[in-house]
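The numbers here are math on the coordinates, done by the rules we state, and not lab data. Predicted model, so just to flag it, every value in this text is computed and none were measured. We place every Cβ from the backbone using ideal geometry, glycine too, and count neighbours over all the protein chains shown.
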């Protein structure tokens, strides 16, 4: 019986970490449904980019209030995880505050700073909640944020509030038991924040306190296990994926759109048969452009999982700002929804995709959205973790135009003008220099 | 004043090669408003005795709007044709007044075999000043409020924010920034081939949104650096019935005006 708590803890730990790893593997598998794209060049620059943008949060602070609050939660999250290590070891070994004797007075500093951080995180999260639910910042109330995305965002905030409160309550009851010199509760830690909670508990008997302290301890760690596994179902994966997402981001000038290599081979064959024949003939793709997640590259799919639906992209999108249907955030959310649907299909069919008669284009993303884009790159610039909705839009436009000739009529006449007279308007190329002599 | 606009073909007959090719672009060649920008830039080139030439009838669309409209085939056909022409004349340096041509030539042609040093005219003009070939007299613009609209394909797409601003500052004018500028600049609504179609249904036109941001700075002049932005902002100003008090001008036109060229 003595080892019962340790055993329960071990089971919970193995179960939740195992479940999490299974989900991570599913994400990895789904991302690899995408096409290959070379993003391993220039490793040094990529590391720098990741350190600056993801680790250093350089793009978050372009909006100072949200950036600052997010920084607090981020630092809090990273540092309080040190405490998590102790909690896990305590859980496994049946010890209590294992690090205290080892670290001496440094332990006091640690616990004190965790408490202060926890308090700041609480403040930040309450601020976030207020912005979302009371101030009703526009970007949190767009059409794509109805239903699950809305409650998902709130759930995450409630989780964080609960975890921080449990952490502080655990310390408050612990401090009282330390004061009462209750066996096992060694004198350890300084509690600058939870000292204000102790009056809530000070009238209770030591037996009740022990039950409370243990309950807070268990609820806190179980809460973390639940949160860990909530990640996969939520928009919160960015806490992990922001790092690879920035590492594998596009390093080229934003104005450089991908040159389709298959078309390059065909055009060269057409324009210069002799020269092209010496080049290796590439097998033509089954289609040009993209209709489904399989046609996108794996970085675009990773982008979809990384998106935390903050909506900075849509809030600067000229089309979205002027009431068009296009929302770059929705492009990412729909890509993820479709990818998840495909993933579930794979789970149910032993890893083989069973045709479901659906695709990303039209079933999720409408041509109307795609044609509203001005390709201005504002969404790409605004994303704090370098997600690129524009490339998905352009890949789908390519399909619509090349495979379905479904570009808007005005664009079709623009293109036939280019084909026929080398300009998007119906002017003769022979008149190109007329401006010189015009008044 | 008659403009001196040699073509590459003419120079080739004389066995000459210009130091830079001025890529006029379709808007610069055919659009009435943009032609004025083209002429303004040529005036500066003539005044500074820059050794340049144009392709004339041998120039054809870079393919930018086709590519952004999803027609990669047409884009690459245009590109290959242009690269063949440029390479036939051994061109190595290009300047253009259109950020879309600039971006496509600079970023999307190299992979198709076209490697040139490509400059936007604001960069080129800044270089002329640095070399001492061009100086700007600010007199005409003293005390005027000028706001600069960043073209997406010059700014965000290629990180050119300072060249146009440096030129405006030389005018002795007061450069006033819009609420969203530089990396955060709001599109005029023309990019991504939108210039050639009607907008999707919404509650406002993008150029009106941007014009309102510009008017918030109470400018005398909205400076542009792209023929398409120029059109969109000019339309916006007309829509707001402000054409008498606010002018939309390209940076090249501002310089021509300042120097009475």
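For the modelled label position 7 Å from the Cα of residue A:131 along Cα-to-Cβ, which residues of the stretch A:279-320 have backbone nitrogen atoms closer than 18 Å?
Only A:307-317 fall inside the zone, counting backbone N under 18 Å.
Okay, which of the stretch A:161-201 sit inside 19 Å, backbone N to the point 7 Å along the Cα-Cβ direction of residue A:225?
A:162-164, A:166-167, A:170
For the stretch A:88-201, calculate the relative contact order in percent as a whole number, restricting contacts to Cα pairs under 8 Å that are 6 or more residues apart. Show your work: numbers first, answer last.
Values: 82 pairs, mean separation 42.3, N = 114.
After rounding, I find 37 percent.
Per residue of A:406-419, how many C-beta atoms from partner chains lie within 10 Å of its own C-beta, taken as a mean?
Numbers: counts 1, 6, 6, 2, 7, 10, 4, 2, 9, 12, 1, 5, 15, 7.
Mean shielding by partner chains, rounded to a whole number: 6.
What FRET efficiency, computed as 1/(1 + (r/R0)^6) with R0 = 25 Å and r the Cβ-Cβ distance, is obtained for residue A:95 and residue A:190, rounded to the nearest 0.05? Intermediate results must be reported in sequence, preceding the final value.
Values: r = 20 Å, r/R0 = 0.80.
Efficiency, rounded to the nearest 0.05: 0.80.
Rounded, prolate or oblate, given the Cα gyration tensor of the stretch A:1-151, with a/c below 1.5 counting as rounded? It would help to have the intermediate numbers written out before the result.
Numbers: a/c = 1.59, a/b = 1.32, b/c = 1.20.
Verdict is prolate for the stretch A:1-151.
In whole Å, how far is the Cα centre of the stretch B:198-238 from that of the stretch A:239-277?
Computed from Cα coordinates, the inter-centre distance equals 33 Å.
Output needed: percent of Cα pairs per 10 Å distance bin for chain A, bins running from 0 to the one holding the longest distance.
P(r) over chain A, rounded to whole percents: 4, 17, 24, 21, 15, 10, 5, 3, 1, 0, 0.
Is the shape of the stretch B:100-188 best called rounded, prolate or oblate, per the rule: a/c under 1.5 gives rounded, else a/b larger than b/c gives prolate, else oblate, with a ≥ b ≥ c the square roots of the Cα gyration tensor eigenvalues? Could the numbers behind the result be given before it?
Values: a/c = 3.67, a/b = 1.43, b/c = 2.56.
Since a/c reaches 1.5 but b/c is at least a/b, the shape of the stretch B:100-188 is classed as oblate.
What nm value, rounded to one decimal, do you get for the distance between residue B:145 and residue B:117 when each label is placed 7 Å out toward the C-beta?
Output for this residue pair reads 4.0 nm.
On average, how many beta carbons from a partner chain sit within 10 Å of the beta carbon of a residue in B:72-83? Each step should come with its number before you reach the end.
Values: counts 15, 11, 8, 7, 10, 6, 4, 3, 6, 3, 1, 1.
Counting Cβ atoms of other protein chains within 10 Å of each residue's Cβ and averaging gives 6.
Sorted from fewest to most neighbouring beta carbons within 10 Å, what does the list B:96, A:322 look like? Please report the intermediate quantities before stating the final value.
Details: B:96 25, A:322 21.
In increasing order of surrounding Cβ atoms, one gets A:322, B:96.
With everything on Cα atoms, drop me the angle between helix A:261-271 and the longest principal axis of chain A, reported from 0 to 90° to the nearest 10.
10
Within 10 Å of each residue's Cβ, count the other Cβ atoms and sort B:169, B:179, B:35 from fewest upward.
In increasing order of surrounding Cβ atoms, one gets B:179, B:169, B:35.
Just to be sure I understand the model, the point goes 7 Å from the Cα along the line to the Cβ. What's the resulting residue A:406 to residue B:201 distance in nm?
So the label points at residue A:406 and residue B:201 sit 1.8 nm apart.
At q = 0.11, 0.14, 0.18 Å⁻¹, what log₁₀ I(q)/I(0) does the stretch A:261-421 have when each alpha carbon counts as one equal point scatterer in the Debye sum?
Result of the Debye calculation: -0.54, -0.83, -1.15.
Identify which of A:159, A:140, A:196 has the largest mean-square fluctuation in a Gaussian network model of chain A, with springs joining Cα atoms closer than 10 Å.
A:196
Could you tell me the center-to-center distance, by alpha carbons, between the stretch B:1-77 and the stretch A:1-69 in angstrom?
Comparing the Cα centres of the stretch B:1-77 and the stretch A:1-69, I get a distance of 50 Å.
How high is the relative contact order of the stretch B:8-129, in percent, with contacts defined as C-alpha pairs under 8 Å that are six or more residues apart? The partial results should precede the final answer.
Working: 158 pairs, mean separation 33.6, N = 122.
Once normalised by length, the contact order is 28 percent.
Work out the mean other chain Cβ neighbour count within 10 Å for the residues of B:120-128 and drop it here as an integer. If you can, show how the numbers build up before the last one.
On the way: counts 0, 0, 0, 0, 0, 0, 0, 0, 0.
The mean count of partner-chain Cβ atoms within 10 Å per residue comes to 0.
Distance between Cα centroids, the stretch A:303-360 to the stretch A:216-238: provide it in whole Å.
For the stretch A:303-360 versus the stretch A:216-238, the Cα centre distance is 24 Å.
Where a ≥ b ≥ c are the square roots of the eigenvalues of the C-alpha gyration tensor, would you call chain B rounded, which needs a/c under 1.5, or, failing that, prolate if a/b is larger than b/c, or oblate? Spell out each step's value before the answer.
Numbers: a/c = 1.97, a/b = 1.22, b/c = 1.61.
Cα axes put chain B in the oblate bin.
Take each of the peptides A:367-375, A:264-272, average the number of other beta-carbon atoms within 10 Å over its residues, and list them starting from the highest.
Details: A:367-375: 23.2, A:264-272: 16.8.
Per-residue mean Cβ counts within 10 Å order the peptides as A:367-375, A:264-272.
Percent antiparallel among DSSP beta bridges with both residues in chain B, to the nearest 5?
Values: 0 of 19 bridges.
Close to 0 percent.
Report the gain in length on full extension from residue A:78 to residue A:26: 0.36 nm times residue separation, minus Cα-Cα distance, nm rounded to one decimal.
Details: separation 52, 0.36 × 52 = 18.72 nm, distance 2.50 nm.
Taking 0.36 nm per residue and subtracting the Cα distance, the gain is 16.2 nm.
For the stretch B:60-109, build the convex hull from the C-alpha positions and give me its volume per residue in Å³.
On the way: hull volume 3.3 nm³, N = 50.
It is 67 Å³ per residue.
Based on the Cβ-Cβ distance from residue A:413 to residue A:52, what FRET efficiency comes out when R0 is 45 Å, to the nearest 0.05?
On the way: r = 45 Å, r/R0 = 1.00.
It comes out at approximately 0.50.
Taking only Cα atoms, what is the 0 to 90° angle, nearest 10, from helix A:328-348's long axis to the longest principal axis of chain A?
Long axis of A:328-348 versus the principal axis of chain A: about 80 degrees.
Starting with the highest mean, order B:150-156, B:240-246, B:79-85, A:324-330 by the number of other Cβ atoms within 10 Å, averaged over the residues of each peptide. Working shown, then result.
Numbers: B:150-156: 28.6, B:240-246: 13.1, B:79-85: 20.0, A:324-330: 25.0.
Ranked from most to least packed, the peptides come out as B:150-156, A:324-330, B:79-85, B:240-246.
Using the Kirkwood radius over Cα pairs, work out the Stokes-Einstein diffusion coefficient for the stretch B:18-79 at 20 °C and 1.002 mPa s, in µm²/s as a whole number. The partial results should precede the final answer.
Numbers: Rh = 12.9 Å.
Rounded, D is 166 µm²/s.
Can you sort A:136, B:106 from fewest to most other Cβ atoms within 10 Å of each residue's own Cβ?
Numbers: A:136 10, B:106 24.
Ascending Cβ contact count within 10 Å gives the list A:136, B:106.
At a 10 angstrom cut-off on C-beta neighbours, averaged per residue, how do the peptides A:23-33, A:387-397, A:236-246 rank from highest to lowest? Show your work: numbers first, answer last.
Working: A:23-33: 15.9, A:387-397: 25.2, A:236-246: 20.0.
So the peptides A:23-33, A:387-397, A:236-246, ranked by packing, come out A:387-397, A:236-246, A:23-33.
When only Cα pairs under 8 Å and 6 or more residues apart are kept, what is the percent relative contact order across chain A? Could you put the intermediate results ahead of the total?
Working: 475 pairs, mean separation 82.8, N = 439.
About 19 percent, as a whole number.
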